[in-house]
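Heads up: the structure comes next, in structure tokens.
Since every read-out is calculated from the coordinates, none of them should be taken as a lab result. Since the model is a prediction, treat every value here as computed from it, not as a measurement. With ideal geometry, Cβ positions are generated from the backbone for all residues, glycine too; neighbour counts draw on all protein chains shown.
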Amino acid sequence: MKTPEVPEMFAVHSALPRISKWSVNVVLLAVVVGLYLIPSPIDPEPFVFEGPPPALEGPLTVNTRLQRGRRLFTGQLKGPESFTADQDGNIYTGTVDGKLWRITKDTLTFITQMGQNIPECGTSMDYEPICGRPHGLRLDQDGQLIVADSYLGLFKVNPLTGEKTLLLSNKEGANGIPFGFLNGLEISKNRTVFFTDSSSRWGRRHVRYEVIETNHLGRLLSYDPESGRVQTLLDSLYMPNGIVLSPDEDFLMMSETSIGRILRFWLKGPKAGTKEVLLNNMIGYPDNIRLSERGTFLVGITTIRFRGRLLPPFLDLIGPYPAVKRFLTKIIPLSWYNVLLPKYGLVLELGMDGEILDSLHDPDGTLTWAISDVFQQGEQYYLGSTDLPFLPVLEQWS
Ligand SMILES: *[C@@H]1O[C@H](CO)[C@@H](O)[C@H](O)[C@H]1NC(C)=O
């Protein structure tokens, strides 16, 4: 039996380094040229925070006060983003599969599907534009739900029958610019609906691009249900998100999520029609803002922005460099950015002028994290999220 295997293998081995060096160089060159040529999905602007994130001291001191609660409807409610309640204490919310729900104590009732009800709803973000994605919702003076669906538009929904009416479509938009990402919503005593379009460029499923790009293509708008008239109150906003009316309706507070800022927009008095910055360079990226029963503002923080031991937070680091942002979004798939997000639950309590009074923390996500809304119902606080598969309820603010 001839056994020439050994010398042949040696021959192959000795040829390998030459071949691979050459091919590695070619591949590298191809990758570099390829990366240079493929367009970036985003068109970023430089953004520099006013300073490093604030220190975790005073009212921001780390605690575990946000862990005292329980999770409801695990596996049934996915991403309850925002809440409202009727006079009988029923709670309403919308989920990532495009569905609207009523919660009565421990029972869950399906109200309607905002878009098409297909089996794929909730399985992937790609289906959101078809299935719909309800965000801000409130009851109007007739007990009808007014809902901002991120993709589809403003709707009126009968909470008992599920019958829905489109009031204003995203396609139609305002002032000739379609809506890309409807988000926060409030209704004033005279029935005016205030709402935000977070971006005319990126929809909800591309929110990471929206934040990395740090554009200012968002708007604050109002809708008059009587005349159907839409008005742009503010434009050029940085991902405007949650809004809340002050108790006297003399101003609106609004978060600009992508730059960690909270604004006040005056509705009445000598400063009516103007805006001012209440909170800047925040400890995290703010989402919805709600009024508590004790007259303070509660802010859900979607992602924290804590000082690292060695490095500043990722978005602080890349913020000033559009070329880096362009490059990173070329090579990193959207879903991978989730890896960078720590499971840290944080809510802030603010005074009338945006001063930080208190903060509740869940440092390891025992109860929840990535909080989109903090809605008080008596002693309890319902905590929203954009995609967690449960409804966390904080038993008391203590
Ligand atoms: C309705 O109320 C809001 C908030 O108080 C106010 O800004 C708006 O001007 C009012 N609209 C009308 C038509 O009175």
Ranked on Cβ counts within 10 Å of their own Cβ, fewest leading, F327, F110 go F110, F327
Under a Gaussian network model of the chain whose springs join Cα atoms within less than 10 Å, the largest fluctuation of V33, V374, V48 belongs to V33
Note on the chain: contact order normalised by length, alpha-carbon pairs under 8 Å, 6 or more apart, percent, works out to 19 percent
If one builds a Gaussian network model of the chain from Cα atoms under 10 Å apart, the most fluctuating residue listed among G308, G260, G365 is G308
log10 I(q)/I(0) for segment 41-84, Debye formula on C-alpha points only (no solvent), q = 0.18 Å⁻¹, two decimals, reads -0.89
What helix-only [θ] at 222 nm does the chain give? Using -39500 (n - 2.57) per DSSP H run of at least 4, over all residues, to the nearest 500, the answer is -4500 deg cm²/dmol
Projected onto the charge dipole of segment 39-394 (unit charges on the beta-carbon of Lys, Arg, Asp and Glu, signs +1, +1, -1, -1), the Cα from G69, G345, L317 with the largest positive-side position is that of L317
In a Gaussian network model of the chain with springs linking alpha carbons closer than 10 Å, the residue among L60, L334, L182 that fluctuates most is L334
Taking a straight Cα-to-Cα line shorter than 17 Å from K330, and setting aside same-chain aspartates and glutamates fewer than 8 residues away, one finds D43, E45, E210, E213
In the chain, taking the dipole from +1 charges on Lys and Arg beta carbons and -1 charges on Asp and Glu beta carbons about the Cα centre, the listed residue (P159, P134, I289) farthest towards the positive end is P134
Charge tally for neighbours of T84 with beta carbon under 13 Å away, counting Lys, Arg as +1 and Asp, Glu as -1, is -3
Under the 7 Å Cα-to-Cβ spin-label approximation, I38 and E355 lie apart by a distance in nanometres of 5.2 nm
Measuring from its Cα centre, the chain shows a charge dipole (+1 at each Lys and Arg Cβ, -1 at each Asp and Glu Cβ) which, in debye to the nearest 20, is 1020 debye
For segment 93-103, Karplus-derived ³J(HN,Hα) couplings (6.51, -1.76, 1.60; θ = phi - 60°; whole Hz; x for glycine and proline) come out as 7, x, 10, 5, 8, x, 9, 10, 9, 10, 10
A correct Karplus calculation of ³J(HN,Hα) over segment 199-207, with 6.51 cos²θ - 1.76 cosθ + 1.60, θ = phi - 60°, whole Hz and x for Gly and Pro, returns 6, 8, 9, 10, x, 4, 6, 10, 4
Listed with the fewest Cβ neighbours within 10 Å leading, L346, L340 appear as L340, L346
If one compares the long axis through the Cα atoms of helix 322-331 with the longest principal axis of the Cα atoms of the chain, the angle in degrees, nearest 10, works out at 70 degrees
Summing +1 per Lys or Arg and -1 per Asp or Glu among the other residues with Cβ less than 9 Å from Q141's Cβ gives 0
Surpassing 31 Å at the alpha-carbon level, of the pairs K105/K164; K171/K343; K164/K325; K171/K325; K99/K275; K271/K343, are K171/K343; K164/K325; K99/K275; K271/K343
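Quick one, can you get me the convex hull of the C-alpha atoms of the chain expressed as volume per residue in Å³?
That works out to 201 Å³ per residue.
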Net charge (Lys, Arg +1; Asp, Glu -1) of residues whose beta-carbon lies under 10 Å from that of S385, S385 excluded, is -3
